[in-house]
Amino acid sequence: MKVQDGQIVRLSELPAGTRAVIKEHDESDFQLTLMEMGCVPGEPVWVEMVAPLGDPLAINIAGYYLSIRKNDADKIWVTCEASN
């Protein structure tokens, strides 16, 4: 998927190498767990790698790497940043 600067998409839709900022979460039982892992609104996130079949994703957030299932990444909305 080709993303543009300022576009709002789900984290699961971003290709590897894309930078974004977390905007919000969908309401879910997993929302508190995501926030405890550092996935809070306003936090920059970088999609480091996507597994060959698209699940899971490896992201860099809050200074550490986090592996997150695509199903959980679907619940996170991000604002894309311009790629360098």
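The GluC sites (Glu not before Pro) of the chain meeting both criteria, a DSSP state outside H, G, I, E and B (loop) and at most 12 other C-beta atoms within 10 angstrom of the site's C-beta, are 27. Under a Cβ-Cβ cut-off of 13 Å, what is the net charge of the residues other than residue 78 that fall near it, where Lys and Arg count +1 and Asp and Glu count -1? Computed value for this residue: -3.
Phi-derived couplings, Karplus 6.51 cos²θ - 1.76 cosθ + 1.60 at θ = phi - 60°, listed residue by residue for region 42-50: x, 7, x, 9, 10, 7, 6, 8, 10 Hz, with x used for Gly and Pro. Each Lys and Arg Cβ is given +1 and each Asp and Glu Cβ -1; about its Cα centre, the chain then shows a dipole of about 260 debye. Of the residues 79, 51, 9, the one whose Cα sits farthest towards the positive end of the charge dipole of the chain is 51 (charges of +1 on Lys and Arg Cβ, -1 on Asp and Glu Cβ, taken about the Cα centre). All other residues whose Cβ lies under 13 angstrom from that of residue 12 are scored, Lys and Arg at +1 and Asp and Glu at -1, for a net of -1.
Bin all alpha-carbon pair distances of region 8-80 at 5 Å intervals from 0 and give each bin's fraction as a whole percent. Going out from 0 Å in 5 Å bins, region 8-80 shows 4, 19, 33, 30, 13, 2 percent.
By the rule of a C-alpha distance below 20 Å, with chain neighbours fewer than 8 residues away ignored, the aspartates and glutamates paired with residue 75 are 13, 24, 26, 27, 29, 36, 43, 48, 55. Proximity of backbone amide H atoms, modeled 1.01 Å from N, is registered between residue 24 and 77 at under 5 Å, excluding neighbours fewer than 5 places apart on the same chain. Our coupling estimate for region 60-74, obtained by passing each phi through the Karplus curve with A = 6.51, B = -1.76, C = 1.60 and θ = phi - 60°, is 10, 8, 6, x, 9, 9, 10, 9, 10, 5, 4, 4, 6, 5, 5 Hz, Gly and Pro reported as x.
Of the residues 38, 63, 17, the one that moves most in a GNM of the chain with alpha-carbon contacts below 10 Å is 63. If you run the Gaussian network model on the chain, springs between alpha carbon atoms under 10 Å, then out of 16, 73, 51 the most flexible one is 51.
Taken together, the values in this text are just the output of simple stated rules run on the coordinates, not laboratory data. Owing to the predicted nature of the structure, the values given are computational and were not obtained by experimental measurement. Counting neighbours? That spans all protein chains shown, and the Cβs are built from the backbone with ideal geometry, glycine included.
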